[in-house]
Amino acid sequence: MKVTRPKLSWWERTYFPAILKGLAITLSHIPKIKKRVTLEYPEVRWALPPQYRGAPILLTGLDGNEKCTSCKLCEFICPPRAIRIVAEETSLEKEKRPKEFDIDMGLCIFCGYCQEVCPVEAIWLKDEYEMADYDRTNLIFNKEQLLARGRKPPYLPGREKPLEEPK
Amino acid sequence: MTGIWAIVIPAFVKILVIIAVVMTGVAYTTLAERKVSAWMQDRKGPNRAGPFGLLQPVADGIKFFFKEDITPKEAYRPIYLLAPLLTLFPALITFAVIPFGTSVTVAGQTYPLAIAPGMNLGIVYLLAISSMSVYGILLAGWSSGSKYSLMGALRGASQVISYELGIGLAVLSIVLWTGTFDFNAIVADQTGGWGKVWFFIPHFLAFVVFTVSIFAETNRLPFDLPEGESEIVGGYHTEYSGLRFAMFFMGEYANMITASAFVVLLFFGGWNLPFVRYEWFGPLWGGLLSMVVFFSKIAVCLFIFIWVRWTLPRFRYDQLMTLGWRRLFPLAVLNFVLVATWLLLRGRP
């Protein structure tokens, strides 16, 4: 590519016009009080977009039990291997449920692959982003914590507690 | 109050006032730097510590106190510990010769507003001491035992030495014009009477050379190569932390205040304002007013320092040397020759 260099006059070559122009631009920004972009964080918060990927949660199904069927696809796809699932049998229709479901938030990279790969839409990355802690062991979220983070759906009419496992 | 005390006590009071004003000035210049830069970038700047962030310098000071003071293993300890002092100390003692007002009369005694009043070699002293600040940079960089520090120190030394020529020649043309090294006489020459204007008008060339050179002398952007963050980490103070780093920091800002005072005295009529005579306000209030005017002018200069810093990008090293040696130095020589020729042919107007 041919770069054409503009022929500068001697006055332009002293840098003064460019310097003065730059100084005028920076000065003109000082009185623009209305245009300040600073967000004073703890008090004012950013409106999160609906697709925001924050801390993962586990959803509870309409029957009151966790939706997860312990297929382990998320465990398999997770790039930093932050998810660990121990499966167990259940007499519910889904036949399989997670006995333990741990996500190490110290490893999680918020890629959202688990959410994308989940066949039953049980795991979601929601809008929580303040997870700092002084102890790394607190950053391993177990199944109860993950379920508690997810909002419970309203139970079906006439049912106030989770569906019992048939014996 | 007789004998030696009549000299020592006023001098001591003046030193206290100057140290207080300069150190407060340094603290609030750092805040102004952050605030102005924020406004120029459409941000709000520090506003948590106190109203409008006015206590931010205090918070910064406390933070510096509690930071760990680290000496690298490779550092040469005696010089490593000495270098921050060598930066801050010259920056502060330059104020010994800078007159900061006319004079005040208290209880029948008249005190000139300068720590060393009537020093008739003030400019020479100021140039000599401000050149010493390069030792702080050089020794800090060398004794840190770090390649980044060493590079920063080398750049700093060559830059300060190169641009001192410009400063020296610009000042020399003023000295030639006024025929004195005394700040009071130079200030008096710029005001009060027909044809006496602030020197930045008749000596515009010297003013430009001098201003550009003090930006380099105080290591401010666009000439902050000794501490160019994006190239050599922190430059000569890479290895310093805690209060020792704070000393470099304060030294830089104190140098800015000294340089601003220098500009104001040489080119902007010192503490004088056009069409205003301090005799109108009486011997005490006139003196205090002159002091306020002088420090206000310094504040304007400091704002320009900050303004330029947040506008212009950094020079490349060869551009810096080209500007110093091939543009400013010939300009300064030309200006000096012009002034000398004028004086020879026409004399003082």
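The values are calculated or read from the model by the stated rules, or taken from the named source; none is laboratory data. These numbers were taken from a predicted model, which means no experiment stands behind them. Every residue, glycine as well, gets a Cβ built from its backbone with ideal geometry; the counts of neighbours run over all protein chains shown.
Looking at the structure I just gave you, is A:Ser9 small (Gly, Ala, Ser), more than 10 Å from every other protein chain (Cβ to nearest Cβ) and closer than 22 Å to A:Gln145 by Cα?
Spelling it out, it is not the case that A:Ser9 is small (Gly, Ala, Ser), more than 10 Å from every other protein chain (Cβ to nearest Cβ) and closer than 22 Å to A:Gln145 by Cα.
Could you go through region B:210-223 and let me know if any residue there is outside any loop (DSSP other than H, G, I, E, B), more than 16 Å from B:Asn255 (Cβ to Cβ) and not aliphatic (A, V, I, L, M).
No, region B:210-223 has no match at all.
Within region B:83-97, can one find any residue that is more than 14 Å from every other protein chain (Cβ to nearest Cβ), crowded, with 18+ Cβ neighbours inside 10 Å, not in a helix (DSSP H, G or I) and not charged (D, E, K, R)?
Within region B:83-97, one or more residues are more than 14 Å from every other protein chain (Cβ to nearest Cβ), crowded, with 18+ Cβ neighbours inside 10 Å, not in a helix (DSSP H, G or I) and not charged (D, E, K, R).
What is the residue count in region B:294-309 for residues that are in contact with a helix residue (DSSP H, G or I) (Cβ under 9 Å, 6 or more places away or on another chain), more than 14 Å from chain A (Cβ to nearest Cβ) and not charged (D, E, K, R)?
6
Given the structure, is B:Ala32 within 14 Å of another protein chain (Cβ to nearest Cβ), of a type outside the set (D, E, K, R), farther than 19 Å from A:Leu39 by Cα and assigned to a helix (DSSP H, G or I)?
yes
Rundown of residues vs (1) closer than 29 Å to B:Gln41 by Cα; (2) more than 14 Å from chain B (Cβ to nearest Cβ); (3) at pLDDT 90 or above, yes/no style:
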| position | (1), (2), (3) |
| --- | --- |
| A:Val44 | yes, no, no |
| A:Ile109 | no, yes, yes |
| A:Gly112 | no, yes, no |
| A:Val120 | no, yes, no |
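Looking at B:Lys44 and the list (1) part of a loop (DSSP other than H, G, I, E, B); (2) away from chain A (no Cβ under 14 Å); (3) surrounded by 14 or more Cβ atoms within 10 Å (Cβ to Cβ), which single condition is not satisfied?
Just one mismatch for B:Lys44, condition (2).
Sort out which residues of region A:89-105 are part of a strand (DSSP E or B) and either at pLDDT 90 or above or closer than 22 Å to A:Pro56 by Cα (or both), and write them in order of number.
Hits for region A:89-105 are A:Lys96, A:Arg97, A:Pro98, A:Lys99, A:Glu100, A:Phe101, A:Asp102, A:Ile103, A:Asp104.
Every residue, every condition in (1) touching a helix residue (DSSP H, G or I) at 6+ places or on another chain (Cβ under 8 Å); (2) in a loop (DSSP other than H, G, I, E, B); (3) without any contact (Cβ under 8 Å) to a residue 40 or more places away in the chain, yes or no:
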{"position": "B:Phe100", "(1), (2), (3)": "yes, yes, no"}
{"position": "B:Thr105", "(1), (2), (3)": "yes, no, no"}
{"position": "B:Met119", "(1), (2), (3)": "yes, yes, no"}
{"position": "B:Val124", "(1), (2), (3)": "no, no, no"}
{"position": "B:Leu127", "(1), (2), (3)": "yes, no, no"}
{"position": "B:Ser131", "(1), (2), (3)": "yes, no, yes"}
{"position": "B:Tyr135", "(1), (2), (3)": "yes, no, no"}
{"position": "B:Gly141", "(1), (2), (3)": "yes, no, no"}
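Restricting region B:7-24 to residues that are free of Cβ contacts under 8 Å to residues at least 24 places away in the same chain and either closer than 23 Å to B:Glu252 by Cβ or exposed (fewer than 11 other Cβ atoms within 10 Å of the Cβ) (or both), which is farthest from the chain's Cα centre (by Cα)?
Going through the qualifying residues, I end up with B:Ile7.
Where residues in region A:17-42 are under 37 Å from the mean Cα position of the chain (by Cα) and more than 9 Å from chain B (Cβ to nearest Cβ), which of them is surrounded by the most Cβ atoms within 10 Å (Cβ to Cβ)?
My answer is A:Leu39.
Going by what's in this entry, would B:Thr341 be described as exposed (fewer than 14 other Cβ atoms within 10 Å of the Cβ), assigned to a helix (DSSP H, G or I) and within 14 Å of chain A (Cβ to nearest Cβ)?
When the stated conditions are applied, B:Thr341 does not pass them.
Name the single residue, out of those in region B:47-78 being at positive phi and either of a type in the set (Phe, Trp, Tyr) or surrounded by fewer than 18 Cβ atoms within 10 Å (Cβ to Cβ) (or both), that is farthest from the chain's Cα centre (by Cα).
B:Gly50
What residue, among those in region B:310-332 that are under 20 Å from B:Glu229 (Cβ atoms) and at the interface with chain A (Cβ under 10 Å from one of its Cβ atoms), is surrounded by the fewest Cβ atoms within 10 Å (Cβ to Cβ)?
Ranking the candidates gives B:Pro313 first.
Can A:Ala87 be described as crowded, with 16+ Cβ neighbours inside 10 Å, more than 30 Å from B:Glu33 (Cβ to Cβ) and of a type outside the set (D, E, K, R)?
Taking the combined requirement at face value, the residue satisfies it.
Consider B:Ser149 carefully, then state whether it is modelled with pLDDT under 80 and surrounded by 20 or more Cβ atoms within 10 Å (Cβ to Cβ).
Considered against the rule, which asks whether it is modelled with pLDDT under 80 and surrounded by 20 or more Cβ atoms within 10 Å (Cβ to Cβ), B:Ser149 comes out as no.
Take the conditions free of Cβ contacts under 8 Å to residues at least 40 places away in the same chain, among the polar types (S, T, N, Q) and within 14 Å of chain B (Cβ to nearest Cβ) and apply them to A:Thr4. Does it pass?
When the stated conditions are applied, A:Thr4 does not pass them.
Only one residue in B:Asn255, B:Asn335 is in a helix (DSSP H, G or I), under 15 Å from B:Ile214 (Cβ atoms) and in contact (Cβ under 8 Å) with a residue 24 or more places away in the chain. Which one?
B:Asn255
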